[in-house]
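Asks: Take a look at the following structure, please.
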Ligand code: ADP
């Protein structure tokens with residue numbers, strides 16, 4: 001019973017139009033528009049436009065617009081065509097898209113719509129479930145305007161189910177947000193709803209208080225229609241409170257307002273209420289007058305309930321005043337309208353049951369959608385986990401590769417260091433071997449080569465000391481000459497030995513400069529000319545023009561002196577020695593050629609080497625050490641040149657070396 005009364009009251013006023021002013025939130029405004037009584041377009045036109053919008057959005061791949069169009073179509077079916085199956089189908093499609101695109105905030109309105117749809121078919125439990133879903137979304141986005149909207153719906157559903165305390169809780173929560181929402185119509189409407197609940201609870205004074213508060217707000221915002229409604233309801237409350245005077249006063253003002261508003265629906269209610277009051281006062285004429293007007297307005301607005309009420313009271317009034325003819329007429333009409341209403345109610349109930357059944361079938365799809373979404377979520381999580389695992393793996397791989405690369409680099413570096421160290425060791429080794437050979441050579445020279453001339457010197461000096469009296473002047477002169485020769489040999493040897501040792505210890509001063517090769521050859525020629533003349537050897541210097549080379553003068557002089565004295569040593573009397581220096585590209589070639597004994601190939605291979613000792617006596621039996629050519633090679637190479645020999649046994653030898661210009 002409570003349910004029915006409340007449903008009727010809700011139908012009268014509790015429509016979302018009271019929220020129409022919440023234009024702050026465009027989504028809410030769009031949603032509410034579907035519930036407004038006055039429509040700017042016909043149903044067909046609205047459906048056509050929404051369908052066209054849906055198709056174009058689909059073609060353009062504009063998913064948010066596609067979702068909105070689907071919901072528009074669903075809401076048109078819900079509020080206007082009442083084809084609940086179509087509404088459900090479109091809501092499901094929207095829900096599916098929102099789910100796949102993760103548009104959670106948009107889903108709030110789909111849930112609100114679905115809640116309304118279940119409410120429409122009388123399944124308040126399911127309606128509540130969807131409202132709770134909407135509430136869960138709002139908790140995430142925290143929009144007070146939307147929250148108030150959901151809470152209001154919840155209050156209505158609770159009231160419809162007879163859960164009046166819950167409903168009051170919802171409405172009071174809405175009032176808590178009244179300052180945030182800042183919309184007086186929301187407050188007025190909520191107060192009105194609270195008043196109705198209190199009325200149902202028979203708490204009349206509380207109810208009256210809330211009605212009056214609501215009325216004040218509606219008056220202040222100039223909402224005449226609701227003002228009339230409030231006055232009517234207050235009038236009804238006073239009747240229940242057995243205060244027929246106040247009831248009449250309120251109903252009369254409500255009636256006047258409705259007359260001005262030309263609101264047939266409201267008028268039928270007000271006339272009937274006034275008529276009813278007169279009837280109760282037994283003023284049947286006044287009752288009949290009002291009830292007839294009520295009946296007229298009810299017929300105009302096709303309000304079956306009010307038609308029935310007018311007819312019922314008219315029948316009773318006529319009966320009571322004894323106008324049976326009229327009474328019978330209205331009695332017959334009463335029977336007809338009662339049957340009509342009953343049939344209509346039955347039909348509605350049947351439709352509600354059918355629709356509920358249809359929607360229950362569809363709900364399986366929503367559930368499936370939810371499972372699908374959970375499965376999808378799990379899949380996404382799984383993929384995410386796999387991706388994370390891959391990231392870790394790749395990062396690990398990178399670290400390992402970097403480590404290997406680093407190890408490879410450091411190994412390469414240490415190998416290089418090792419290689420360098422090895423080469424250094426090898427070089428040092430070679431140097432040590434060379435040094436060892438030098439040392440061996442040095443000792444062998446000292447032990448053998450110095451010993452020989454010194455021995456002959458001692459024997460000469462001994463002869464001179466012991467036999468000076470018995471020796472003729474000629475013999476003494478010969479001995480003195482031999483002594484001189486030995487001394488000179490020894491001197492030359494010592495000179496080379498010292499020079500060589502100085503070069504080995506790095507004490508020799510090496511100072512490359514521009515020198516004239518012609519002059520070096522000339523100086524050496526003059527120095528050794530007397531020695532050559534002793535052996536009847538002629539020396540010729542073919543280099544007659546100054547020839548500049550870049551070299552250390554002292555070392556080059558030593559080289560020329562050694563080669564020239566070798567040429568004198570290994571050339572028999574009557575031979576010639578030719579000195580020459582010629583330009584050859586970027587270098588200068590110096591040659592010392594003799595017409596001496598020459599040498600075989602195997603001897604030539606032994607020359608310039610410290611590790612093999614080769615020395616032969618000269619043509620006048622001059623002794624040697626095999627040190628001269630080694631010294632020459634070292635000095636030439638130090639000057640950046642190259643030394644070599646060409647020789648033929650019995651014909652002579654040509655020693656040559658190159659120097660930088
Ligand atoms: P030394 O002359 O003191 O033995 P060298 O190193 O100057 O030492 O010469 C080494 C050897 O090379 C000589 O003993 C000789 O056998 C050979 N040699 C050098 N110059 C000539 C030359 N002009 N003609 C022939 N043989 C030569």
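Asks: Looking only at the range 616-661, count how many residues are at positive phi and either near the ligand (Cβ under 8 Å from one of its atoms) or not in a loop (DSSP other than H, G, I, E, B) (or both).
Replies: So the answer is 2.
Asks: Which one is farthest from residue 495 (Cα to Cα), of the residues in the range 565-577 that are within 11 Å of the ligand (Cβ to nearest atom) and not in a loop (DSSP other than H, G, I, E, B)?
Replies: 577
Asks: Which residue pairs have Cβ atoms closer than 9 Å, lie 6 or more positions apart in sequence or on different chains, and pair a first residue in the range 330-350 that is assigned to a helix (DSSP H, G or I) with a second residue that is modelled with pLDDT under 90?
Replies: Filtered contacts from the range 330-350: 349/122.
Let's see how each residue does on (1) more than 60 Å from the chain's Cα centre (by Cα); (2) more than 15 Å from the ligand (Cβ to nearest atom); (3) surrounded by fewer than 24 Cβ atoms within 10 Å (Cβ to Cβ):
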position: 551; (1), (2), (3): yes, yes, no
position: 554; (1), (2), (3): yes, yes, yes
position: 558; (1), (2), (3): yes, no, yes
position: 563; (1), (2), (3): yes, no, no
position: 579; (1), (2), (3): yes, no, no
position: 582; (1), (2), (3): yes, yes, yes
position: 589; (1), (2), (3): yes, yes, yes
position: 595; (1), (2), (3): yes, no, yes
position: 598; (1), (2), (3): yes, no, yes
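Asks: State the number of residues belonging to the range 235-264 that are farther than 21 Å from residue 296 by Cα, outside any helix (DSSP H, G or I) and in contact with a helix residue (DSSP H, G or I) (Cβ under 7 Å, 6 or more places away or on another chain).
Replies: 1
Asks: Residues that are touching a residue at least 40 places away in the same chain (Cβ under 8 Å), in the same structural domain as residue 544 (by TED's automatic domain parsing), more than 8 Å from the ligand (Cβ to nearest atom) and not in a loop (DSSP other than H, G, I, E, B): does the range 603-615 have at least one?
Replies: yes
Asks: Would a scan of the range 90-101 turn up a residue that is surrounded by fewer than 17 Cβ atoms within 10 Å (Cβ to Cβ), under 30 Å from residue 199 (Cβ atoms) and modelled with pLDDT under 85?
Replies: Looking for residues that are surrounded by fewer than 17 Cβ atoms within 10 Å (Cβ to Cβ), under 30 Å from residue 199 (Cβ atoms) and modelled with pLDDT under 85, one finds none in the range 90-101, hence no.
The values are calculated or read from the model by the stated rules, or taken from the named source; none is laboratory data. What you are looking at is a predicted structure, and each value in this text was computed from that prediction instead of being measured. Note that we place each Cβ from the backbone using ideal geometry, even for glycine, and neighbour counts take in every protein chain shown.
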